[in-house]
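Trainee: I have a structure I would like to understand better, so I am pasting it below and will then ask my questions one at a time.
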Amino acid sequence: MSGKTTFLAALLMIAFLACTSRKEAEDAAKKSPTPSEAATPQPEVHGTEVKTVELTNPLNKEWVTAGKGIYDTKCLACHKLTNEKLVGPGWAGVTKRREPVWLINMITNVDMMLATDAEAQKMLEECLVRMPNQNVTQEDARKIIEFMRENDGEK
Amino acid sequence: MKTQHLFLLFAAIIAAPLALLSPGCKPQNPTSAVEGDAASKVYVAPGKYDEFYSIVSGGFNGQVSVYGLPSGRLLRIVPVFSQFPENGWGYSEETKPMLNTSHGFVPWDDSHHIALSTTNGEHDGRWAFVNGNNTPRIARINLSTFRTEEIIEIPNSSGNHSSPFLTENSEYAIAGTRFSYPMDDDNSNPDVSINTYKQNFKGTVSFVSIDKETGRMGIGFQVLLPGVDFDLSRCGRGPSHDWFFFSCYNTEQANTLLEVNASQKDKDFIMAVNWKKCEEYAKAGKGKKSKVRYAHNVWDEKTHSGTSTIENEVVVLDPKELKDIVYFMPCPKSPHGCDVDPSGEYICGSGKLAAVIPVFSFTKMQKAIADKNFEGEYDGIPVLKYDAVLHGEVKKPGLGPLHTEFDGKGFAYTSMFVSSEIVKWNIEKVEVVDRVPTYYSIGHLSIPGGPTRKPHGKYVIAYNKITKDRYLPTGPELTQSAQLYDISGDKMKLLLDFPTTGEPHYAEAIPANLIAPKSVKIFKIEENNHPYVAKGEKEAKAFREGNKVHINMTSIRSHFTPDNIEGVKIGDEVYFHVTNLEQDWDVPHGFAVKGANNAEILIMPGETCTLKWVPDRVGVFPIYCTDFCSALHQEMQGYVRVSPRGSNVPLTFSTGNKAEPTGETK
């Protein structure tokens, strides 16, 4: 078996396991007589591939502001707004280098990206720290992209 | 020695039929008690989950441990009453208040019994309660975070052994005094001679209320009782829902050499308390307000901090005045366990020194009370006639009966300490139907759901007091041993032997699907209301308040911000408030500083924890992450510079500044 086929087989296996374990968890959740006051389950927000992202101009100013707020809390520790690499690459020019779909999946679905995307894997080889899942929803990730676009000079 | 003999005896019993079947095949050790398919029944394949969580008291380690069943794998130790340097419980500034008591900071206790919350008498998977026997306390653990959320001290109590068992809808947790002690009219503990036990000593049982929504506890009311030892207890179920049953020993009221002096009478008591009536009387103002001091410690998941409040009043009910709330049922002899079957009709008293297991009938008890079928009074409390309340006696069950659990199929399982065995008996017929050896000297036993209306059955676990030769020896001090038996058939079958940590007393097991789906993975950083949180590196800072230096620090793979701090001086108290900015499951960071007189802290994603450090010498001191977090974990470090008292080095902080000498060098 070639290296590539093994890799694909492994991926399929992972995908399969991921599916069954989620289904099992759901079934288990259905079976259990959850009292109404009980703590609500805490779903993990990563794990769904986003296929399309629509960009519009002019920029949505509210999203830019919200995106910056999320950046300050969850991203700034590793990403500068210049092109200087800190833990991860600087964000200057990132919207020119990457498709929005690539960006949003990197933020919300990083495990899939690191498992399947050659560019993401190249970044991991350079940085040696897995991009963390920061529990960002797709809506919030879209706002971060708006902030990135503003950082790259879009109006 | 005795245990060895017992073991040989059991081995011989097991060996006899085997020897007949296959001559020449001699059993070498106790493993021959296990049948061929045992391994497959407890094997949980890599990546697969156990079927049950077992929540196990830690005994003298003061904690609670969590095992998976049937594998017997240790999943976690939850720190409760004892400091836990491994994650900073009781060392961090936020957790210290959780161990406060009216005696001040008490960093250890003796945790004996687990009670899992129930709704309509069935497990609901919300909370685990555990008692502290030494400095009387009850703790509540949230089963979605596996963290201790609340600890309440029990006033007017000494030795909280008969605890924290719950009523059917978790309305109350119970706390009964094991050690009675002198109480005067003000219910305080006066300075009297110990040999005035009979005149001056009293016992209490406290009903600790539990809020239906939040789980928040409070002392609902207490019942003042004669000075005896209250040992164990169980609530009624179904028809007996309104009642709580307690075993009492030392009705001789001895205050010395209890081993002999509390073993004089042929019968002690099972005490029945009508808690619903007590509740009514307390609400109607028929209790007496007692001035007390007790600590009530509560954890806030949003500020990630505990607070301790000293409360000062409880309501005490006196059954000498309120005649219909407490009754005694005679029970042979020095009863320990007091267990109620799933139907709520049968109450089993396990007389440690008795040759029988008496089973009382709730229906008969009701009738005896209605008919006033009393044999007399004990300190003003009616004593019902033994024959009038007895369903039957299990004859010759074994030696030293301690505790009983139920399988929901009409059978009871009683642990026998002296004869090291579990005895299965038919409740209706009070007849022994099976027995298996345990290794050795079993204390408590546990069937998943055993103390509920609907036991889940399947297994019984023996928690033993003596380990001896079960595992590879580790010097004089050994771990404790537990055995798992299959009870799905007519005969109990030994499947697994596993070591346990601490010294487990009681444990409860619950199906994994009642807990696992609700398990919290992270604390949301957006919801963190800690007063010193840094929600992002922009909020990281160091500032001074007199001689207190606060450092609001962030951690993320793999650096701290700030990681260079200067301007700390001898005489300062430094508070490292570390916020973990990670928002992914299972990415904690640790934090430690050289010479700190406490421990490390382990910070979960989205949480803030504070480590206090009082530097004792001038110099530069490293700080670092203690939890291997990434490929660059070894790089996750920094420095704090400590200058002499009165130095004028300004307080500065930074991360990632290029090296440029700013001060003098030596």
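The values are calculated or read from the model by the stated rules, or taken from the named source; none is laboratory data. These numbers were taken from a predicted model, which means no experiment stands behind them. Neighbour counts are summed over all protein chains in view; Cβ atoms, including those assigned to glycine, are modelled from backbone coordinates with ideal geometry.
Trainee: Any idea which residue in the range B:482-507 is nearest to the chain's Cα centre (by Cα), counting only those that are acidic (Asp, Glu) and in a strand (DSSP E or B)?
Mentor: B:497
Trainee: Name the single residue that is farthest from the other protein chains (Cβ to nearest Cβ) among those in the range A:85-105 being at pLDDT below 95 and either surrounded by fewer than 17 Cβ atoms within 10 Å (Cβ to Cβ) or over 29 Å from residue B:579 (Cβ atoms) (or both).
Mentor: Filtering the range A:85-105 for residues that are at pLDDT below 95 and either surrounded by fewer than 17 Cβ atoms within 10 Å (Cβ to Cβ) or over 29 Å from residue B:579 (Cβ atoms) (or both), the one farthest from the other protein chains (Cβ to nearest Cβ) comes out as A:85.
Trainee: Looking at this structure, is residue B:443 at pLDDT 95 or above, within 15 Å of residue B:499 (Cα to Cα) and crowded, with 20+ Cβ neighbours inside 10 Å?
Mentor: Criteria met by residue B:443.
Trainee: Also: Contact list please: Cβ distance under 8 Å, first residue in the range A:129-155 and farther than 17 Å from residue A:95 by Cα, second residue at pLDDT below 95 and among the basic types (Lys, Arg), pairs at least six apart or on different chains.
Mentor: Between residues of the range A:129-155 that are farther than 17 Å from residue A:95 by Cα and residues that are at pLDDT below 95 and among the basic types (Lys, Arg), the close pairs are A:129/B:557; A:130/B:557; A:132/B:557.
Trainee: Just need a number here: residues in the range B:392-423 that are over 15 Å from residue B:342 (Cβ atoms) and not aliphatic (A, V, I, L, M).
Mentor: 15
Yes/no matrix, rows are residues, columns are (1) modelled with pLDDT of 95 or more; (2) of a type outside the set (A, V, I, L, M, F, W, C); (3) loosely packed, with under 15 Cβ neighbours inside 10 Å:
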position	(1), (2), (3)
B:5	no, yes, yes
B:20	no, no, yes
B:25	no, no, yes
B:53	yes, yes, no
B:60	yes, no, no
B:65	yes, yes, no
B:70	yes, yes, no
B:84	yes, no, no
B:95	yes, yes, no
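Trainee: Further, regarding this structure: So residue B:285 ticks every box in (1) in contact (Cβ under 8 Å) with a residue 60 or more places away in the chain; (2) more than 30 Å from residue B:394 (Cα to Cα); (3) over 29 Å from the mean Cα position of the chain (by Cα) but one. Which box is left unticked?
Mentor: (1) is the only condition that residue B:285 fails.
Trainee: Note down all Cβ pairs under 7 Å where the first residue falls in the range A:65-80 and is more than 9 Å from chain B (Cβ to nearest Cβ), the second is surrounded by fewer than 18 Cβ atoms within 10 Å (Cβ to Cβ), and they're at least six residues apart or on different chains.
Mentor: Cβ pairs passing all conditions: A:79/A:86; A:79/A:90; A:80/A:86; A:80/A:90.
Trainee: Sticking with this structure for a sec: Residues of the range B:508-562 being within 32 Å of the chain's Cα centre (by Cα) and among the basic types (Lys, Arg), which ones?
Mentor: B:518, B:521, B:524
Trainee: Here's something else I'd like to know. Within the range B:106-117, restricting attention to residues that are out of contact with any Asp or Glu (no Cβ under 6 Å at 6 or more places or on another chain) and buried (at least 22 other Cβ atoms within 10 Å of the Cβ), which residue is nearest to the other protein chains (Cβ to nearest Cβ)?
Mentor: By that ranking, first place goes to B:115.
Trainee: Among (1) touching a helix residue (DSSP H, G or I) at 6+ places or on another chain (Cβ under 6 Å); (2) not in a loop (DSSP other than H, G, I, E, B), there is one condition residue B:218 misses while meeting the rest; what is its number?
Mentor: So residue B:218 meets the others, but not (1).
Trainee: I need a count of the residues in the range B:258-282 that are in contact (Cβ under 8 Å) with a residue 40 or more places away in the chain and either touching a helix residue (DSSP H, G or I) at 6+ places or on another chain (Cβ under 8 Å) or not small (Gly, Ala, Ser) (or both).
Mentor: Matching residues across the range B:258-282 total 15.
Trainee: Any residue that is assigned by TED's automatic domain parsing to the domain that holds residue B:268, in contact with a Ser or Thr (Cβ under 8 Å, 6 or more places away or on another chain) and farther than 30 Å from residue B:124 by Cα - is there at least one of those in the range B:454-461?
Mentor: Among the residues of the range B:454-461, not one is assigned by TED's automatic domain parsing to the domain that holds residue B:268, in contact with a Ser or Thr (Cβ under 8 Å, 6 or more places away or on another chain) and farther than 30 Å from residue B:124 by Cα, which makes the answer no.
Trainee: May I pose another question? On the basis of being small (Gly, Ala, Ser), more than 14 Å from every other protein chain (Cβ to nearest Cβ) and closer than 23 Å to residue B:79 by Cα, does residue B:590 make the cut?
Mentor: yes
Trainee: OK, next. Among the numbered criteria (1) within 14 Å of chain A (Cβ to nearest Cβ); (2) not in a strand (DSSP E or B), which single criterion is violated by residue B:595?
Mentor: (1)
Trainee: Would you confirm, using the coordinates I've provided, whether residue B:252 is within 26 Å of the chain's Cα centre (by Cα), in a loop (DSSP other than H, G, I, E, B), among the charged types (D, E, K, R) and crowded, with 16+ Cβ neighbours inside 10 Å?
Mentor: no
Trainee: Evaluate the range B:220-230: report whether one residue or more is in contact (Cβ under 8 Å) with a residue 12 or more places away in the chain, surrounded by fewer than 16 Cβ atoms within 10 Å (Cβ to Cβ) and not aliphatic (A, V, I, L, M).
Mentor: Looking through the range B:220-230, none of the residues is in contact (Cβ under 8 Å) with a residue 12 or more places away in the chain, surrounded by fewer than 16 Cβ atoms within 10 Å (Cβ to Cβ) and not aliphatic (A, V, I, L, M).
Trainee: Still on this structure, please answer the following. May I ask you to say which residue of B:158, B:188, B:170, B:233 is closer than 24 Å to residue B:357 by Cα and either of a type in the set (Ser, Thr, Tyr) or in contact with a Leu (Cβ under 8 Å, 6 or more places away or on another chain) (or both)?
Mentor: B:233
Trainee: Here is a follow-up. Can you tell me which residues in the range B:300-344 are more than 24 Å from residue B:157 (Cα to Cα) and surrounded by fewer than 22 Cβ atoms within 10 Å (Cβ to Cβ)?
Mentor: Within the range B:300-344, B:300, B:301, B:302, B:303, B:332, B:333, B:343, B:344 qualify.
Trainee: Looking only at the range A:82-116, which residues are farther than 23 Å from residue B:558 by Cβ and among the acidic types (Asp, Glu)?
Mentor: A:99
Trainee: In the range B:512-533, what count of residues is obtained for those that are over 25 Å from residue B:560 (Cβ atoms) and free of Cβ contacts under 8 Å to residues at least 60 places away in the same chain?
Mentor: Count: 2.
Trainee: Looking only at the range B:142-169, which residues are surrounded by fewer than 24 Cβ atoms within 10 Å (Cβ to Cβ) and within 14 Å of another protein chain (Cβ to nearest Cβ)?
Mentor: B:142, B:144, B:145, B:146, B:147, B:149, B:168, B:169, listed by residue number.
Trainee: Being crowded, with 18+ Cβ neighbours inside 10 Å, within 14 Å of chain A (Cβ to nearest Cβ), under 25 Å from residue B:525 (Cβ atoms) and modelled with pLDDT under 95, is that true of even one residue in the range B:599-608?
Mentor: no
Trainee: For the range B:582-615, enumerate the residues that are free of Cβ contacts under 8 Å to residues at least 40 places away in the same chain and of a type in the set (A, V, I, L, M, F, W, C).
Mentor: B:591, B:592, B:596
Residue-wise test of (1) assigned to a strand (DSSP E or B); (2) away from every other protein chain (no Cβ under 12 Å); (3) surrounded by 24 or more Cβ atoms within 10 Å (Cβ to Cβ).
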| residue | (1), (2), (3) |
| --- | --- |
| B:565 | yes, yes, yes |
| B:571 | no, yes, no |
| B:616 | no, yes, no |
| B:620 | yes, yes, no |
| B:626 | no, yes, no |
| B:638 | yes, yes, no |
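Trainee: Please work out if residue A:77 is at pLDDT below 95 and assigned by TED's automatic domain parsing to the domain that holds residue A:142.
Mentor: The answer is yes for residue A:77.
Trainee: Only strands (runs of 3 or more DSSP E) wholly contained in the range B:509-562 count here; list those with 1 or more residues that are facing chain A (nearest Cβ under 8 Å) and modelled with pLDDT of 95 or more.
Mentor: B:548-556, B:559-561
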